[in-house]
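Peer 1: Quick one: the structure is below, questions incoming.
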Amino acid sequence: MTAAYTLYAKPGFAATTIERLCSEARISNRAFYECFGGREELLQALHERCVEEALAAVSKALQDAPAQLDARIIAGISTYIGFTTSDWRRARIMHVEVRRSGDVLITSRQRAVESFARIVEDVTQPFSDDAPIDRHLLTLGLIGALQELLIEWVLAEEPPSTDELVRTAVHIFHRSFSSLS
């Protein structure tokens with residue numbers, strides 16, 4: 001898993017062979033196949049671990065946040081961005097390689113989006129009971145915006161600061177949900 005964490009982040013999933021993974025991990029191909037059915041299964045396990053850890057960090061931050069909408073938006077977004085960007089490999093796997101891997105992670109990615117959407121919907125529900133638009137679709141759009149901000153952070157020659165990412169994402173979420181109440 002450690003070797004995949006680095007190799008799947010750079011040079012990337014498509015460029016990482018099982019032979020290279022095994023060489024980096026100092027294990028035999030046989031040992032690899034005793035643990036995983038292939039490099040796709042390993043990528044899925046790695047992605048799911050990153051998502052589970054991110055969900056746990058965000059959930060804890062939201063539990064500890066004051067009950068006001070702005071405080072919860074700031075807590076959730078700053079925790080997610082901070083957790084994701086604290087290790088460039090995690091950010092790259094969760095937001096770039098998940099898309100570049102094609103159909104390999106489509107189900108895992110959808111589960112992750114659904115899990116984060118539930119958190120956002122649960123947190124914002126008390127503040128937008130009578131929303132004139134579909135809150136689930138709004139939430140999906142906001143998650144997509146946050147993903148694009150993180151892709152920019154990963155891929156840009158001069159990436160924005162994480163503080164700028166947080167300010168931008170908070171602004172987007174705040175404007176979207178405060179207009180519903």
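The values are calculated or read from the model by the stated rules, or taken from the named source; none is laboratory data. All of these numbers come straight from a predicted model, not from anything done at the bench. Counting neighbours? That spans all protein chains shown, and the Cβs are built from the backbone with ideal geometry, glycine included. Quick note on the areas: whole protein, heavy atoms, side chains included, nothing else; ligands and nucleic acids left out. Shrake-Rupley method; radii C 1.70, N 1.55, O 1.52, S 1.80 Å.
Peer 1: When you go through Glu52, Glu40, Glu19, Glu24 one by one, which is the residue that is in contact (Cβ under 8 Å) with a residue 60 or more places away in the chain, assigned to a helix (DSSP H, G or I), open to solvent by 50 Å² or more (accessible area, probe 1.4 Å) and over 11 Å from Ile93 (Cα atoms)?
Peer 2: The conditions single out Glu40.
Peer 1: State whether the residues of segment 99-107 include one that is at pLDDT below 95, assigned to a loop (DSSP other than H, G, I, E, B) and within 17 Å of Tyr8 (Cβ to Cβ).
Peer 2: Checked segment 99-107: at least one residue is at pLDDT below 95, assigned to a loop (DSSP other than H, G, I, E, B) and within 17 Å of Tyr8 (Cβ to Cβ).
Peer 1: Could you check segment 113-142 and list, in sequence order, the residues that are aliphatic (A, V, I, L, M) and either surrounded by 11 or more Cβ atoms within 10 Å (Cβ to Cβ) or at pLDDT below 85 (or both)?
Peer 2: Val113, Ala117, Ile119, Val120, Val123, Ala131, Ile133, Leu138, Leu140, Leu142
Peer 1: Restricting to segment 3-16, what's the tally of residues that are open to solvent by less than 40 Å² (accessible area, probe 1.4 Å) and assigned to a helix (DSSP H, G or I)?
Peer 2: Total satisfying the criteria: 7.
Peer 1: Let me ask something additional. May I ask you to list the residues in segment 143-181 that are among the small types (Gly, Ala, Ser) and open to solvent by less than 50 Å² (accessible area, probe 1.4 Å)? Give the steps one after another, and end with the answer.
Peer 2: In the first step, residues of segment 143-181 are kept if they are among the small types (Gly, Ala, Ser); the result is 144-145, 156, 161, 169, 176, 178-179, 181.
Selection gives Gly144, Ala145, Ala156, Ala169, Ser176, Ser178.
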